[in-house]
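J.: Pasting a structure below so you can have a look.
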Amino acid sequence: MLTTFVWFGVVSFDDPSNKVDVPAKKINKAISKIWKVEDFEVTDHDLNNNKNCFKNGCWLKVKTNGTYLGMIYIGRVNSCRSGGCSIDGDPQSLVFEFFDYFLLTDTSGQVLWVKVYNYQATQGHEVMSRGWLNQFKGLTKDEKVVFGQDIEAISGATVSASAITEDIQQVLRCVTAFDQ
């Protein structure tokens with residue numbers, strides 16, 4: 001029997017207007033590809049209680065036959081419009097664009113897969129490239145990567161590529177232990 005990811009259709013974070021559609025089919029496909037399983041269960045993760053770390057995302061646990069395989073993080077990255085973040089003024093008045101992504105990790109929090117699935121920004125679509133996203137595979141909370149050195153910069157997508165690099169590192173740092 002194939003268990004599909006139907007945990008929820010929309011995630012809402014601290015700001016009620018900040019709703020993220022969850023790509024259930026894409027997550028199911030990634031789980032099946034990475035862990036080579038068809039029968040699995042996706043449940044909430046107690047890491048979500050740490051709202052200081054996850055204001056724009058949430059963690060889920062994946063298990064099959066009573067064994068935990070790893071975790072899924074679903075999040076939204078706010079990236080400044082070109083030139084917007086460098087403008088002096090009130091940070092509350094800055095205009096952001098956004099994109100949504102998910103990542104899969106093993107039980108220790110090591111990145112296995114990253115997928116950008118909802119890109120609403122006007123520039124920088126190159127961050128959706130599978131080849132570029134593969135740079136995050138193997139990344140753990142203990143590693144510090146520098147955009148432009150360890151993570152390849154992308155011409156035309158500097159703001160988005162830098163933003164997702166920082167976001168992934170932030171959410172991984174908050175993974176302290178996998179509570180089975």
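Computed from the coordinates by the stated procedures, all read-outs in this text should not be read as laboratory data. None of the values given here were measured: they were computed from a predicted structure. Positions of Cβ are generated from backbone atoms using ideal geometry, with glycine treated the same way; all protein chains shown enter the neighbour counts.
J.: Which pairs break 24 Å Cα to Cα here: Lys63/Lys144; Lys33/Lys61; Lys25/Lys144; Lys36/Lys63; Lys36/Lys144; Lys63/Lys115?
T.: Long pairs (Cα-Cα over 24 Å): Lys63/Lys144; Lys25/Lys144; Lys36/Lys144.
J.: Contour minus end-to-end for Gln123 and Arg173, with contour as 0.36 nm per residue of separation and end-to-end as the Cα-Cα distance?
T.: Result: 15.2 nm gained on full extension.
J.: Additional query: Across region 129-139, in residue order, what do the Karplus-derived ³J(HN,Hα) couplings come to in whole Hz, using 6.51 cos²θ - 1.76 cosθ + 1.60 with θ = phi - 60° and x for Gly and Pro?
T.: Once rounded to whole Hz, the list reads 5, 4, x, 5, 5, 4, 4, 7, 4, x, 5.
J.: Would you mind computing, in nm to one decimal, how far apart the modelled labels at Val145 and Thr43 are, each placed 7 Å from Cα along Cα→Cβ?
T.: Using points 7 Å along Cα→Cβ, the separation is 3.1 nm.
J.: Something else now. How large is ³J(HN,Hα) for each residue in region 99-104, as worked out from phi by the Karplus curve 6.51 cos²θ - 1.76 cosθ + 1.60 (θ = phi - 60°), to whole Hz, x for Gly and Pro?
T.: With the stated coefficients, region 99-104 comes to 8, 10, 8, 9, 9, 10 Hz.
J.: I would also like to ask the following. Note down the nm distance, to one decimal, between modelled labels 7 Å out along Cα→Cβ at Ile34 and at Asp106.
T.: Those two pseudo-labels are separated by 1.2 nm.
J.: Hey, fewest Cβ within 10 Å first, where do Thr105, Thr158 land in order? Intermediate values should be presented prior to the final figure.
T.: Numbers: Thr105 26, Thr158 18.
So the residues, fewest neighbours to most, are Thr158, Thr105.
J.: Would you mind ranking Cys58, Cys174 by Cβ crowding within 10 Å, fewest neighbours first?
T.: Cys174, Cys58
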